[in-house]
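Right, one structure below, let's go through it.
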Amino acid sequence: MSVGLQYDGIGNCAASDFNNDGQIDIAVAGPGMVPTSHFFFNNGNTNNWLSFHLVGESSNSLGIGARIELWSSNGYQIREVNANLGNDVVVNFGLAEATLVDSVYINWPSGLIQVVKNLEVNKKMRVIEGRDPATTIDENTIDYPNRFYLSQNYPNPFNPSTKITFALPKAETVKIDVFNIRGQKIETLLNQHMKAGIHEVEFNAENLSSGIYFYRIEAGEFQDVKKMILIR
């Protein structure tokens, strides 16, 4: 059953799916500061659901740009991972009364197609690019990366800004520098002590010309370098 309150006026809308079942639980629409709005609250939804948190390796670490295709008794669904989901990138599927997901195809930006079969519903799953099996995420524990890594920037090519993600299995002092094609350092993006976890920095090349650039990370004994392309 739904419960709603309605006032005159139209405008922007915000909605949220709190229980991850693919159905809107609450929505508010209105023209901003003017006290005329629409309110919707859904208190009777018991649909099943399944959520995915992707961890890229050859692709960017958040799996941005990946396409997830899901088959269940409720039919076929498709979602694309996008940066608008924020740092905690979770993709939700509403499954209605389906109690088992037959198969999931994950099309990674690297070109890899990963298949996961026979998944239980009402769970949040982690899928690491190129690794099997998918694992259930325990929401009550802090999940740290098990190794250092530097992800490919996203988007790439970019104009004028791009994001760089890196992972730390333990706290370290992290330095990230950007170099031009001649090997000249043009900017230090980060130089500070960081906690264990997955982190992200943004590089803005608004004042730079098109070309190939490199970014290097140093974290304790870990070092890595990757290439990025700026296109005007």
- Task: Between Gln184 and Ser58, take the C-beta separation as r, use R0 = 30 Å, and let me know the FRET efficiency to the nearest 0.05.
- Result: 0.55
- Note on the structure: Once phi for every residue in the range 161-167 is put through the Karplus expression 6.51 cos²θ - 1.76 cosθ + 1.60 (θ = phi - 60°), the whole-Hz ³J(HN,Hα) values, with Gly and Pro written as x, are 10, 8, 10, 10, 10, 9, 10
- Query: Excluding same-chain residues fewer than 8 positions from Lys195, which lysines have a Cα within less than 16 Å of its Cα?
  - Reply: Lys170, Lys175
- Message: Using a 7 Å offset from the Cα along the Cα-to-Cβ direction at both Gln223 and Lys170, what is the distance between the two label points in nm, to one decimal?
- Response: 2.0 nm
- Item | Per-residue ³J(HN,Hα) for the range 183-191, Karplus 6.51 cos²θ - 1.76 cosθ + 1.60, θ = phi - 60°, Hz, x for Gly and Pro | x, 8, 6, 10, 6, 9, 7, 7, 7
- Quickly work out the Glu80-to-Ile212 label distance, labels modelled 7 Å from Cα along the C-beta direction, and quote it in nm with one decimal. 2.8 nm
- Message: For a quick check: with amide H placed at 1.01 Å from N, whose amide H comes under 5 Å from Gly65's, ignoring anything fewer than 5 positions away on the same chain?
- Response: Val81, Asn82
- Query: Magnitude of the Cβ-charge dipole of the range 143-196, K/R +1 and D/E -1, about the Cα centre, nearest 20 debye?
  - Reply: 80 debye
- Going by average Cβ neighbours within 10 Å, how do the peptides 145-155, 203-213 rank, with the highest at the top? 145-155, 203-213
- Message: Suppose each label sits 7 Å from its Cα in the direction of the beta carbon; what would the His193-Ile113 distance come out to in nanometres?
- Response: 4.9 nm
- Task: Lys and Arg at +1, Asp and Glu at -1: add these up for the other residues within a Cβ distance under 13 Å of Ala134 and post the number.
- Result: +2
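Only the coordinates and a few stated rules stand behind these numbers; no lab work does. Note that the structure is predicted; figures quoted are calculated from it, not measured. Don't worry about glycine lacking a Cβ; one is built from the backbone with ideal geometry, like all the others, and counts go over all protein chains shown.
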